[in-house]
Each structure stands twice: as structure tokens, then as C-alpha cells.
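Student: Once you've had a glance at the structure underneath, I'll fire off some questions.
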Amino acid sequence: MLDFNHIIGHEQIIQHLREAIRSGKVSHAYIFSGEDGAGKNLLSNAFAMSLQCEDREETKDGCGKCRSCIQAASDNHPDIIRVTHEKASIGVDDVRIQINNDILVKPYSSTYKIYIIDEAEKLTEAAQNALLKTIEEPPAYAVIMLLTNNLNALLPTILSRCITLKLKAVDKELMKQYLMTEYKVPDYQAELSAVFAQGNVGKAVKYASSEDFNERKNDVLHLLKYIDEMELYEVVDGLKRLSDKKDGMNDYLDLMLIWYRDVLMYKVTNDLNLLTYKSEYQDITKQASLKSYEGIEKIIAAIEKAKIRLNANVNFDIAIELMLFTIKENGNG
Ligand SMILES: [Zn+2]
């Protein structure tokens, strides 16, 4: 379902959009800003469905049953237009043909005519200027929604004429419950996926259902269990074998961070319930007792530094070896 009730998190944005419908003060242009997977499509789709619904509910949500809602749900609504683009960027012709010319034609069957521009950060400057003309003087029935992962890519003139809704991270517990009920993900896996996704529901679903991610997790856990007993060169080899490419390395490093945060968390609280890797509690409690606070903090800092170095394209081997050296150095006490 597409309606607001089936979206987890984003309460303030949903409240704002419902209120806009309730008060009849729907803006002509909205920007949904958030990273990929954060829920921009879900929110804009639900808003579009509510706006067009022929039998809106008390909550101002789409009813899900009328002709309009059914068309919206099947992505087949004549007055909800998704702007497409063939090239890497969204060009001025895309805007002229799909929006500026089309918008002059009255809605086919609904109150509004809605344009959804996904990946709006790909609009060229010329395309944005073309769009600006429409946003400045839109027909009464027009609603334009720009979805973007990068507000900086939009011209200030565009930004100043749109209502910008910034998607926030979704609460971890909400995501976990969602994965467990909607996707039947086991408790432990839901917890890890939710932590790992850092408030991004799309990512959480991806992690929870990804075999690849599960494998990575198991590989990392295996390495971390024995890391203190291994020789440095063995660890280096082990980690390099896990990841030939830099791409996967970020995930591995994040998985390692969660481990050492667990170690630190247990050392501070002695509470197993607070662990993300609950099933690994034996090894985590063992490392917590053997390592000093300072040592664990140094390890966490070293992993974070390795992430920064890799993103800055520092030599891969050097970045990883420096990190592993710190982990080994702070093995026991
Ligand atoms: Zn409806």
C-alpha cells in the first residue's frame, strides 16, 4: 500500500502534508530531500495518492479503494506524471516536453496534475531554469515534486520557491519491528540490519534480505573472533581475501565498528541486551574483559580513520594495515 499509514517514521513530514491537504494550502512545488533509500519515493507517492483521491479519508489519506487510488497504486494514473530521462542528466528538453508543455493541458480526471521528478540533482542548470518558469507561474492545479539526494545541486532560485522537506533518520526500533513483521526477518538479523542502515529504511530492507550482506557479516565476525590470537600478517591476508575491491570495504569496516562498539558498550554497562551482535556475546564479553577502555577507543578511532582514508583514496593497503596494526596493538590490556 502507498498511503501514509504504511510508512514508518517521517512523522513530521506526513503531518505537514496531511495538514496542507486539510487546510487546502497545498503548495505548487515541494522538494523531498534525503539519501537514496530514505523514503522520498514512498512519501511523494503517498502524497500524490492522497491529493488525487476521490474519497479521501478523515485523516486526509488516500482511501486506497477509489478509481484514482487504484490507478495511483498501480503507477498508472493519468494525472500523476513521473518525469523520465534517457541521458545521465535531466536536460532542458526533458523539462520542456514532459513538464512545461504538458502542464498547460488541464488534468485528465483529477483535481491536480502532479509531476514527480526523481533524481532532481541530475537536472542541468538549463533544465532548472526552464523549470523555474513553470514553478514561478504554475497553473492552479499543478503540483511539482522534486526528489533529491543532494540539495546543493539545486539552484537557489529553485530552492526559494519550493517547500523543502528533509527526511530524517527513522528510529532504529521502528525499523527493526518493521523488518520483523513485514519481512519476517529474525530478531537478531533485524536488529543488525536496522543498526547498519543508520535510519534508512530502504537500506535496512536491503541488508535484511541480502545473502551477500549476511555472508559479509559472517566473514567479519569470524575474523574478529580470532583476531587477537592471529599474527598481523594473517589478519592482513584474511581481510584482503575478504575484500579484493575497495567497494565492499566500507561495509566490512562498518561491521567491524559495530563489533567494537559492542565490546565497549559491554565493558561500560555489563548489559548483554544492549549488544547488536547478541549471538556473539561470548567473544564480545571476553574481549571486553581483556581490553582496556583506552585500547577499545583507539581501535574504534582507527577504524573510523581507515574509513576516511579509503574515501579519500589513500593507498588501500596502507590504510588497512595501519588500522589492523592498531587493533593488534590493543589486543590485550
Ligand atoms: Zn481514493
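The values are calculated or read from the model by the stated rules, or taken from the named source; none is laboratory data. Keep in mind the model is a prediction, meaning the values are calculated, not measured. Virtual Cβ from ideal backbone geometry, glycine too; neighbours counted across all protein chains shown.
Student: Please state which one of Asp3, Asp55, Asp75, Asp61 is modelled with pLDDT under 95 and in contact with a Gly (Cβ under 6 Å, 6 or more places away or on another chain). Outline the logic, then answer.
Tutor: On the way: Asp55 fails: in contact with a Gly (Cβ under 6 Å, 6 or more places away or on another chain); Asp75 fails: in contact with a Gly (Cβ under 6 Å, 6 or more places away or on another chain); Asp61 fails: in contact with a Gly (Cβ under 6 Å, 6 or more places away or on another chain).
One residue alone meets the criteria, Asp3.
Student: Filter segment 24-38 down to the residues that are touching a helix residue (DSSP H, G or I) at 6+ places or on another chain (Cβ under 6 Å) and outside any loop (DSSP other than H, G, I, E, B), then identify the one that is farthest from the ligand (Cβ to nearest atom). Break it down stepwise before answering.
Tutor: Just the residues of segment 24-38 that are touching a helix residue (DSSP H, G or I) at 6+ places or on another chain (Cβ under 6 Å), to begin with: 26, 29, 32-34, 37.
If we keep only those that are outside any loop (DSSP other than H, G, I, E, B) too, we end up with 29, 32-33.
Details: Ala29: 24, Phe32: 21, Ser33: 27 Å.
Out of the qualifying residues, it is Ser33.
Student: Which of the residues belonging to segment 77-127 are part of a loop (DSSP other than H, G, I, E, B), more than 16 Å from the ligand (Cβ to nearest atom) and of a type in the set (Val, Ile, Thr)?
Tutor: Scanning segment 77-127 gives Val83, Thr84, Val105, Thr124.
Student: How many residues does segment 129-163 hold that are farther than 18 Å from Asp94 by Cβ, hydroxyl-bearing (Ser, Thr, Tyr) and in a helix (DSSP H, G or I)?
Tutor: So the count comes out to 1.
Student: Return a yes/no flag: does segment 67-74 have any residue that is within 24 Å of Leu131 (Cβ to Cβ) and under 22 Å from the mean Cα position of the chain (by Cα). Steps first, answer last, please.
Tutor: Step one: of segment 67-74, the residues within 24 Å of Leu131 (Cβ to Cβ) are 72.
Of the ones still in play, those that are also under 22 Å from the mean Cα position of the chain (by Cα) are none.
There is no residue in segment 67-74 that is within 24 Å of Leu131 (Cβ to Cβ) and under 22 Å from the mean Cα position of the chain (by Cα).
Student: Within the set of pairs 6+ apart or on separate chains, which have a first residue in segment 137-154 that is touching a residue at least 12 places away in the same chain (Cβ under 8 Å), a second that is among the β-branched types (Val, Ile, Thr), and C-beta atoms under 6 Å apart?
Tutor: So the pair list comes out as Ala142/Ile103; Val143/Ile114; Met145/Ile116; Leu146/Ile31; Leu146/Ile117.
Student: Also, I was wondering about something else. Within segment 39-76, can you find the residues that are farther than 18 Å from Ala20 by Cβ, hydrophobic (A, V, I, L, M, F, W, C) and either more than 13 Å from the ligand (Cβ to nearest atom) or outside any loop (DSSP other than H, G, I, E, B) (or both)?
Tutor: Within segment 39-76, Cys69, Ile70, Ala73 qualify.
Student: Starting from segment 53-69, take each residue that is closer than 17 Å to Ile114 by Cβ and list its partners that are more than 6 Å from the ligand (Cβ to nearest atom) and of a type in the set (Phe, Trp, Tyr), counting only C-beta distances under 6 angstrom and pairs at least six apart or across chains.
Tutor: Close Cβ pairs (under 6 Å, with a partner that is more than 6 Å from the ligand (Cβ to nearest atom) and of a type in the set (Phe, Trp, Tyr)) amount to Asp61/Phe4.
Student: Still on this structure, please answer the following. Tell me, which helices (runs of 4 or more DSSP H) lie completely within segment 229-333 with 3 or more residues that are at pLDDT 90 or above and surrounded by 14 or more Cβ atoms within 10 Å (Cβ to Cβ)? First the steps, then the outcome.
Tutor: Working: elements: 232-242, 246-269, 281-290, 293-311, 316-329.
It comes to 246-269, 281-290, 293-311, 316-329.
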